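The structure appears below as structure tokens.
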Amino acid sequence: MKKALLIFAIILIALFAAIQFNNSDNSADFLDDELAEIESLFEKRDITNAEVSKANVAWHLDHSLKTINRISEQLIQSNPEVYAKSFSFQRMVVHTTGVIPRGVAQSPNNVRPPNMILLDSLRIQLEEAKNNIEKINLLEKNAHFEHPVFNTLDKGQTKRFLNIHTNHHLKIVRDILGG
């Protein structure tokens, strides 16, 4: 019985450590690869695959860039002095696994793409995202963003979320393209 409790305690500690480790992102090259991939997909923006997504490639690229930019703006405008740590079971699961289930959430209006997505708009949003990421990296750790499901995320948690969210949509795009 004591041996089973010890093993259970070790598993709990390991799980807690994994959760803490995967809860934030403090890397210097935050989203560099993802933004490069987004840019490389601009020419394939009109491709669709209804078996994978109702939306075309451009929708997923535009949505990803809008999400990065709107969340960045909120993070930059936040007051680190009023940051209060919060808990969210959903955030813990998503940040630990690195997976957002498909078709579960709905995007807020401010990050929904327009009906017609222009290449110039994607290019402008990409440059804005690159500039915002530079700014995010300079922020205090208690800069924060209020997520509608995950509650308050500090800078590292927000970066982790943006990484997971962007990769979620890039995976969908890869599936649309059949790869």
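What follows is calculated from the coordinates using simple rules that are stated; it is not laboratory data. Because the structure is predicted, anything quoted here is derived from the model rather than measured. Cβ sites come from the backbone with ideal geometry, for glycine too, and all protein chains shown count toward neighbours.
Helix-only estimate, please: 222 nm mean residue ellipticity of the chain, summing -39500 (n - 2.57) across DSSP H runs of length 4 or more and dividing by its residues, to the nearest 500.
One gets -19000 deg cm²/dmol as the mean residue ellipticity at 222 nm.
Note down the nm distance, to one decimal, between modelled labels 7 Å out along Cα→Cβ at Ala84 and at Val99.
It is 3.4 nm.
I'd like the projected area of the chain, averaged over all directions, using the convex hull of its alpha carbons. Report it in nm² with one decimal.
Details: hull surface 49.6 nm².
So the Cα hull casts an average projection of 12.4 nm².
Could you give the dipole magnitude of the chain about its Cα centre, charging the beta-carbon of Lys and Arg +1 and that of Asp and Glu -1, in debye to the nearest 20?
840
Rounded to the nearest 10 degrees, what's the angle between the helix 119-138 long axis and the longest principal axis of the chain, both from Cα atoms, 0 to 90?
In the chain, helix 119-138 runs at an angle near 30 degrees to the longest axis.
What are the ³J(HN,Hα) values, in whole Hz, obtained from phi via the Karplus relation 6.51 cos²θ - 1.76 cosθ + 1.60 with θ = phi - 60°, for each residue of the range 84-92 in sequence order, with x given for Gly and Pro?
10, 4, 9, 10, 9, 4, 4, 4, 4
Return the loop-located GluC sites (Glu not before Pro) in the range 70-179 (DSSP other than H, G, I, E, B) with at most 15 other Cβ atoms within 10 Å of their own Cβ; answer none if there are none. The partial results should precede the final answer.
Details: sites: Glu73, Glu81, Glu127, Glu128, Glu134, Glu140, Glu146; in loops: Glu140.
Answer in residue order: Glu140.
In percent, how large is the relative contact order of the range 34-176, given Cα pairs closer than 8 Å and 6 or more residues apart?
Working: 162 pairs, mean separation 57.2, N = 143.
Relative contact order comes out at 40 percent.
Name the residue farthest towards the positive end of the dipole of the chain from the options His60, Ile172, Val99, assuming +1 on Cβ of Lys and Arg, -1 on Cβ of Asp and Glu, about the Cα centre.
Val99
What order do you get for 37-46, 59-68, 168-177, 107-116 when each peptide is scored by the mean count of other beta carbon atoms within 10 Å, highest first? Intermediate results must be reported in sequence, preceding the final value.
Values: 37-46: 14.9, 59-68: 23.8, 168-177: 18.3, 107-116: 11.2.
Most protected by this proxy first, the peptides run 59-68, 168-177, 37-46, 107-116.
What dipole magnitude, in Debye to the nearest 20, does the range 129-179 give about its Cα centre under +1 on Lys/Arg Cβ and -1 on Asp/Glu Cβ?
Details: 8 positive and 5 negative charges, 33 e Å.
Here the size comes out at about 160 debye.
Taking θ as phi - 60°, what are the ³J(HN,Hα) couplings along the range 65-71 by the Karplus curve (6.51, -1.76, 1.60), each to the nearest whole Hz, with x for Gly and Pro?
Values per residue, Gly and Pro as x: 5, 4, 5, 4, 6, 5, 5 Hz.
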